[in-house]
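Readers should treat all values here as calculations from the given coordinates under stated rules, not as data from a laboratory. Only a predicted model underlies this, so the values are computations on that prediction, with no experimental measurement involved. Cβ: placed from backbone, ideal geometry, glycine included. Neighbour counts: every protein chain shown.
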Amino acid sequence: MIEVLRPGPLTTVQDLGRPGYAHLGVGRSGAADRASLRLANRLVGNPEGAAGLEITLGGFAARFAGRAVVALTGAPAPVRIAGHSAAPYGPVEVGPGDEVELGVPDRGVRTYLAVRGGLDVPAVFGSRSTDLLGGLGPPTVAAGTRLAVGTPAAGFPTVDLAPVPELPAELVLPARAGPRADWFAPGALDLLGSGSYEVTSASNRVGLRLSGPPLRSARDRELPTEGLVEGALQVPPNGQPIVMLADHPVTGGYPVIAVVDEAAVALAAQARPGDRIRFRVG
């Protein structure tokens, strides 16, 4: 059992989401940076889809009732376990009564905490993920939340450290022309590929709201509502693009000028307000 003492700005339970229900109006949700959650789970010997914690901008603390093995990945934050410094990106043993504390990451937004055995919370549509937009899954983690730990399903890992590259100061996200690129003024895709955009404070798990060279529409009518995918670059009337993230709606009415490559969405999910983003449109 884990008792959360401080949740920080936002902590949620996440796994790899609930794909396959968009036709029912249910989005996938899941970890915003799935690559980091997968790695954390591998480091403690869990299946990659086991539920863990997605901790936004640190400030988190929890007490463990029994012995456990944990791993922290994603945005690198200072870690203390039982009052001692610990390293991320590797399995760490936690004793009964020990507290795990996270500081604020210097770069990136979301840190993932996996515990051997996974978090055992009720599944909704086959997933333990909290969907903030759809209101599905467990509630947002708060001080006093108690989380059960499941039974380990795999052998203990032999890796004690998984080096990962540092998050870049400026993200370059590969993207492809979207289904409504023809709705924009001539040269809009070139402008998207040559401009630099800043992540705004209005960003969240639904999407990254950007500020930069406006992408102007060439149509004077509205687009009928149509399906959306993660990584879609929607452009509202103000011309400022929004990158759809894990909790995005399944449909939308703004034209999609481009779609970020699936592998790069994890990088986008680590962009924080003030960070710069460029798109490499191919």
For the chain, built as a Gaussian network whose Cα springs stay under 10 Å, the top-fluctuating residue of Asp160, Asp131, Asp15: Asp160
Region 170-281 - share of DSSP beta bridges that are antiparallel (%, nearest 5): 75
Between 0 and 90°, nearest 10: helix 34-43 axis offset from the chain longest Cα axis: 20
Karplus-derived HN-Hα couplings along region 201-214 (A = 6.51, B = -1.76, C = 1.60, θ = phi - 60°), whole Hz, x at Gly and Pro: 6, 7, 6, 7, 5, 6, x, 8, 8, 10, 10, x, x, x
Three-way shape call for region 1-45 based on the alpha-carbon gyration tensor, with the a/c threshold at 1.5: oblate
Amide H within-cut-off set for Gly74, under 5 Å, with H built and near neighbours excluded: Tyr112
Note, ³J(HN,Hα) from phi for region 6-20, Karplus 6.51, -1.76, 1.60, rounded to Hz, x at Gly and Pro: 9, x, x, x, 6, 10, 9, 7, 9, 10, 8, x, 10, x, x
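Scan region 126-233 for trypsin sites (Lys or Arg not before Pro) in coil per DSSP, keeping those whose Cβ has at most 12 other Cβ atoms within 10 Å, and list them by number. Please list the in-between numbers first.
On the way: sites: Arg128, Arg146, Arg176, Arg180, Arg205, Arg209, Arg216, Arg219, Arg221; in loops: Arg128, Arg180, Arg205, Arg216, Arg219, Arg221.
Sparse-neighbourhood loop trypsin sites (Lys or Arg not before Pro): Arg219, Arg221.
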Nonlocal amide H pairs with Thr251, under 5 Å, H built at 1.01 Å: Leu228
Alpha-carbon centroid distance for the pair region 6-85 / region 96-117, whole angstrom: 8
Residue with peak Gaussian network fluctuation, the chain [Cα springs, cutoff 10 Å], from Ala271, Ala82, Ala258: Ala82
For region 2-147: rounded, prolate or oblate by the Cα gyration tensor [a/c cutoff 1.5]: prolate
Structure-based [θ]222 nm, the chain - -39500 (n - 2.57) summed over DSSP H runs of at least 4, per residue, nearest 500: -2500 deg cm²/dmol
